[in-house]
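Working notes, beginning with the structure itself.
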Amino acid sequence: MDIPWWRDAVVYEIYVRSFADASGDGVGDLAGVRERLPYLARLGVDAVWLTPFYPSPMADGGYDVADYRDVDPLFGTLADFESLVSDAHRLGLKVLVDIVPNHSSSEHPWFQAALRGEKRERYIFRDKTNNWQSTFSGPAWTKVADGQSYLHLFAPGQPDFNWRNPEVHREFLDILRFWLDRGVDGFRIDVAMGLYKAEGLPDVGDQSFKAVSPVWGQPEVHEVYREWRKVLDGYPGERMAVGEVWTDSSEDLALYLRPDELHQSFNFAWLQAPWSPTAFRKVIEDTLAAVPFATWVLSNHDVVRHRTRYETADPGTGLARSRAALLTMLALPGSAYLYQGEELGLPEVTDLPDEARQDPVFLQSQGKLPGRDGCRVPIPWTVDPPSHGFSPGGVEPWLPQPATFAELSVEKQEGDSDSTLEFYRQALACRRDLARSIPYTLEWLKSPEGALFFTRGSLICAVNCGPKSVRLPEHDSVLLSSGPIKRGLLPPDTAVWLRRES
Ligand code: NOJ
């Protein structure tokens, strides 16, 4: 069998609002992405994933879609999208778009009609509600004028669709075709495990309901992906889908990856693992045992950036560990998802002023939860404020960037061989050379305490999570390391790729 392009692909997530602003309104847009495609090709990724750019009131940064077949004027036009796709393809980059099937915006014409009492069965309206809570905090139900309430697992501006209604199925099959006809190479599926809710909407904790959760992962959801897979397979060029599936186990995750369902799913267990060789090994073993095609991810627009997650009282640890984690991740069989800005070593911005924060998690929790704005601060392209090259001229970006972003900018790091940007470029180039020449399978090597060593054909990867240097495994040459290595020793918080000839 030919190896599909996505099996070993490195996919770069573009949070469109925060990547590059060409129009000069302080918000990133499609023309901004298009201008920066050569940067991404040079970085060495295989594909980009664009977060939602559809018309939206932006109650949740665009994950509240009012029209699934257009571009919000904030982000450009359909023509801009088409130019972006054709430039990306010319540069050898695939394009994935985000599809949001669990809920629409409350501004969507279907929901507006439902408010008028028309075709309410496209959403989930009830006279009597249950005890479900919104993921963003507060109740998952909002009352409308005539006394009924509708379900929203996220913000009130994101009413959940009723997937027990065949019209919803037909609508999304048509939306998929709309974007496939415009040349997209695949989809990232938002809240992929959430579409169906348990029949009767039992309370969470209801003892008479036998499954783990009445909210997530209902068995009927798999039928949706079987329908979608048929559509994808009907197009030329290995179109694919990756699900945002949060599950408690790799076995549950694997259900979504059956041969007639999704091609890939995010593997959040990797992102959630602490800095520990045993935790890493367990996630790797469980994943490879359960799923046919693995993926790995360290950061995205919903979680604290991994440089900050890995930080300890010892300054510098976060960056050292994040570089080592990248090298480890890129050595694993399967595909890797990167989040914009991690190649610059961006930290989470933890001190955003409350007035600047826009995430509904912050707003709905009345400021009790910081929310996700800290990982969505616009990318610093150049050294100079006010926007570090994110917007043209003297425009302020939609979220303020800290002064420390100057040192982390692309301009500052480009050409500096010690920089994180150049390290990412080297790692991705080296991986591209290796990916198809080494076996998909992995073997463990005996590892000293605190470290993890594994091999795939001629490649050996060693990562040291412990407090003391460890001796490198036997090798013929050093390909790349995430930090300095000396006299055959691997220092703490460092990873290395080694070559072994036989
Ligand atoms: C997951 C998305 O990644 C997140 O940003 C969004 O808030 C929720 N789904 C709801 O759409």
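The values are calculated or read from the model by the stated rules, or taken from the named source; none is laboratory data. Small disclaimer: the values here were computed from a predicted structure and weren't measured. A quick note on method: Cβ atoms are made from the backbone with ideal geometry, for glycine too, and the neighbour counts reach across all protein chains shown. Ligands, DNA and RNA are stripped out before the accessible areas are found, and what is left, the full protein with its side chains, is counted by its heavy atoms. Shrake-Rupley method; radii C 1.70, N 1.55, O 1.52, S 1.80 Å.
Exposed loop sites here mean GluC sites (Glu not before Pro) with a DSSP loop assignment and at most 14 other beta-carbon atoms within 10 Å; the chain contains its longest site-free run at 221-413.
Here the contact order of segment 1-148, divided by its residue count and restricted to Cα pairs under 8 Å and six or more residues apart, works out to 19 percent.
For segment 338-386, with all protein chains in place and a probe radius of 1.4 Å, 56% of the accessible heavy-atom surface sits on carbon or sulfur.
Protein heavy-atom surface of segment 109-151, 1.4 angstrom probe: 50% of the accessible area is carbon and sulfur, with nucleic acids and ligands not counted. At an R0 of 45 angstrom, the distance between the Cβ atoms of Glu107 and Ala406 translates into a FRET efficiency of 0.70.
The label-point distance for Arg126 and Glu396, in a model that sets each label 7 Å from Cα toward Cβ, rounds to 4.4 nm. Starting from the Cα of Trp444, move 7 Å in the Cα-to-Cβ direction to define the label point; list residues of segment 257-277 whose amide nitrogen is under 14 Å from there. Backbone N within reach: 277.
In a fully extended conformation the segment linking Asp286 and Asp25 would gain 89.4 nm over its present Cα-Cα distance, using 0.36 nm per residue.
Ligands, DNA and RNA are left out, and with a 1.4 angstrom probe the accessible area of segment 226-291 is 43 Å² per residue. Can you give me the relative contact order of segment 440-499 as a percent, contacts being Cα pairs under 8 Å and 6 or more apart? That works out to 32 percent. Couplings 3J(HN,Hα) for segment 319-324, derived from phi with the Karplus relation 6.51 cos²θ - 1.76 cosθ + 1.60 (θ = phi - 60°), are 5, 4, 5, 5, 5, 5 Hz, where x marks Gly and Pro. Structure note, pairs Lys119/Lys143; Lys128/Lys197; Lys197/Lys368; Lys143/Lys210; Lys119/Lys197: Cα-Cα distances above 25 angstrom occur for Lys197/Lys368; Lys143/Lys210. Between the Cα long axis of helix 221-233 and the first principal axis of the chain there is an angle of about 70°, rounded to the nearest 10.
Fully extending the segment from Asp260 to Thr317, taken as 0.36 nm per residue of separation minus the present Cα-Cα distance, adds 16.2 nm.
Here the accessible area is traced with a 1.4 Å probe on the protein chains. For segment 440-499, carbon and sulfur cover 51 percent of it. Accessible surface for segment 440-499, divided over its residues, is 49 Å² per residue with a 1.4 Å probe.
Between Arg471 and Thr350, the FRET efficiency from the beta-carbon distance, with R0 = 41 Å, is close to 0.60. Residues in segment 109-151 average 54 Å² of solvent-accessible surface per residue, probe 1.4 Å, ligands and nucleic acids excluded.
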